[in-house]
Structure formats: structure tokens, C-alpha cells
Amino acid sequence: MSVALLSVAAVALDALLGEPKRWHPLVAFGRFADRIEQRFNSGGRGWRSHGVTAWVIAVLPLTLLATAFSWAPYVGWLVEILALYCALGLRSLGEHVEPVAKALRSDDLDEARKRVGYLVSRQTRELDKTEVARAATESVLENGSDAVFAALFWFAVAGAPGVVLYRLSNTLDAMWGYRNERFERFGWAAAKIDDVLNYIPARLVALTYALLGKTRLALRCWRTQGPTWDSPNAGPVMAAGAGALGVELGGAAIYHGELHQRPQLGEGVPADADSIDRGWQLVQRGVWLWLLILCVGAEFYA
């Protein structure tokens with residue numbers, strides 16, 4: 001079966017079922033990663049070499065296992081579909097952001113704060129309506145890149161082994177890639193590997209957002225604002241996405257009790273419930289565009 005057909009099947013499965021409610025492989029992997037971190041970073045004393053060793057132990061055996069299963073006769077195609085399905089978070093992303101927009105429209109700020117707190121790591125209990133909408137819009141743009149488009153990219157490049165390698169690496173970055181006393185040294189490898197794996201997908205996502213929105217503004221924001229962001233991959237994605245939507249993102253945010261003055265992203269109106277919905281629609285249209293390109297490419301190759 002072609003990569004295009006397998007990708008369409010996995011996206012359809014995600015749309016139909018959403019994330020597995022029980023026995024999600026990434027939940028089990030998270031527990032496994034916690035045990036590895038306790039072993040190699042006890043008391044936050046792990047060094048960079050320990051982080052590299054821990055990453056190898058956590059990621060490579062499962063990637064090799066995915067490779068072996070994907071080559072199995074008769075069922076390899078099913079393994080490919082299930083691997084991508086488990087790595088995708090498209091429907092889940094919508095299920096998390098839509099309640100934020102709904103709460104904002106209902107003037108239920110407390111509920112909106114609670115809901116957006118499921119999406120972001122910043123402090124949310126004192127956010128106003130604009131700040132809640134800004135956080136949710138940023139999240140849908142960035143998570144669309146990490147949890148959807150990058151998974152599709154690595155599946156197209158290397159099938160089940162590629163998407164497993166990417167998704168596990170991205171999960172370790174989310175768990176270990178913090179710049180604090182506990183993870184500064186140990187999590188360095190996980191953070192850098194995730195940066196490398198996301199470098200090309202993030203720029204393809206930024207281009208996708210630009211093409212499907214206010215193109216000139218998105219490209220200008222990507223060029224001028226993207227490099228000002230701390231993350232080399234989130235910057236282009238969110239700058240282009242904010243420009244495509246014609247909305248202002250970025251600005252001050254509190255993380256772990258500390259105020260961070262972040263650069264402005266985008267240009268236009270302040271974020272609101274509509275910008276959340278439009279961001280979610282932008283991600284959905286982008287997925288359709290990518291699937292169309294894969295299908296056309298498969299037909300041309302055939």
C-alpha cells in the first residue's frame with residue numbers, strides 16, 4: 001500500500017476514534033521514560049552523557065521493533081496505519097481547543113482558564129479573555145505542527161519506524177527538555193534531537209499556514225518575527241500562523257511563577273474565541289492539503 005493511502009487511513013481512523021482512551025502506547029511509554037529518568041538522573045544529577053544513554057534506551061529498541069513489525073508479511077500495512085494513528089493527535093487537539101472557545105463565547109472565564117490549562121504550561125488562573133484566547137491559539141498552531149504535521153512528515157519519509165522515532169523523541173522532549181536545575185544537563189540530548197527532527201517539518205508547516213491564510217503577512221511575520229522566538233521551530237510556525245490568521249500573539253506569560261516577556265508574533269486584531277476556531281480550521285485545512293499532495297505525488301510516481 002502507498003504511503004498516501006496509509007496516511008489517509010490513519011487520519012480517518014483518528015477522526016473516527018480519536019486517541020485511545022485506554023492503553024494508549026504513549027502513556028505506557030511515559031511511565032517507562034519516568035523509570036529511565038529516575039535511574040539515570042537520580043536527584044537531578046544526570047549529565048549530558050547520561051541523557052544520551054537514556055534517550056537511546058528509551059527510543060531505539062522500540063523503533064527497531066516497529067521496523068521489524070512493519071516488514072512482517074500480510075500485516076505490515078496494518079502496523080504502519082496503527083503506528084501513525086497512535087502518533088497523531090488531530091481530533092484530540094480539536095477536542096481540547098474547542099471547549100476553550102465555547103467557554104469564552106459563554107463569558108465563562110473560569111471554565112476557559114481551566115480548559116486552556118490543559119493545553120499550556122503557563123500559569124492560567126489570572127489570565128483575562130484575550131490572554132486565554134492567545135494561549136489557546138498559540139497552542140493549536142504549535143501543537144498542530146508537533147502532534148500532526150511532523151508525524152505525517154516522518155511517516156512519509158520513513159514509514160512506521162520514522163513516525164515512532166519522531167513521536168517518542170518528541171515525547172521525551174516534552175518530559176525532559178526543560179531548562180531547569182533538574183533537566184538542564186540530562187534533558188539536553190532530548191531537546192536537541194527533537195529540534196533536529198522538527199526542523200524541516202516546522203518550516204513546511206509555516207509555509208502551509210502561509211499559503212492557506214494571509215500569505216504576504218504570514219511570510220513577513222515568519223521572516224522578521226520567527227527568529228526572535230526562543231524555540232528555533234516554534235518561532236517560524238507560530239509567527240507564520242499568527243500572520244496567516246491576522247492576529248496578535250506572543251507577549252508576556254507566567255511560567256512556573258516567573259514572568260517571561262515574549263516577542264510579539266503576528267499582526268492584526270487581538271486574539272479571541274474566533275481566532276481559536278480559525279487556528280483550528282487552519283490546521284485542518286493544512287492536513288487536507290498535505291494528504292492531497294501525498295495522493296497526487298503517489299499517482300505521479302505510479
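Among the residues of segment 179-219, those that are touching a residue at least 24 places away in the same chain (Cβ under 8 Å) and basic (Lys, Arg) comprise Arg182, Arg185, Arg203, Lys214.
The helices (runs of 4 or more DSSP H) falling completely within segment 183-302 that include 2 or more residues that are at pLDDT 95 or above and over 22 Å from Asp146 (Cβ atoms) map to 215-225, 273-301.
Could you please let me know if Glu80 is buried (at least 18 other Cβ atoms within 10 Å of the Cβ), acidic (Asp, Glu) and over 16 Å from Met175 (Cβ atoms)? So Glu80 passes the test.
Please go through segment 117-147 and pick out each residue that is of a type in the set (A, V, I, L, M, F, W, C), closer than 22 Å to Val247 by Cα and under 16 Å from the mean Cα position of the chain (by Cα).
Hits for segment 117-147 are Leu119, Val120, Ala135, Ala136, Val140, Leu141.
Restricting attention to segment 226-253, which residues are among the hydrophobic types (A, V, I, L, M, F, W, C) and either free of Cβ contacts under 8 Å to residues at least 12 places away in the same chain or touching a strand residue (DSSP E or B) at 6+ places or on another chain (Cβ under 6 Å) (or both)? Met238, Ala239, Ala242, Val247, Leu249, Ala252, Ala253, listed by residue number.
With respect to the stated conditions, Ala156 is surrounded by 19 or more Cβ atoms within 10 Å (Cβ to Cβ) and either in contact (Cβ under 8 Å) with a residue 60 or more places away in the chain or farther than 27 Å from Lys102 by Cβ (or both).
Of the listed requirements (1) touching a His at 6+ places or on another chain (Cβ under 7 Å); (2) free of Cβ contacts under 8 Å to residues at least 40 places away in the same chain; (3) not charged (D, E, K, R), Trp23 misses just one: (1).
The values are calculated or read from the model by the stated rules, or taken from the named source; none is laboratory data. No experiment lies behind these values; they were computed from the predicted model shown. Every residue, glycine as well, gets a Cβ built from its backbone with ideal geometry; the counts of neighbours run over all protein chains shown.
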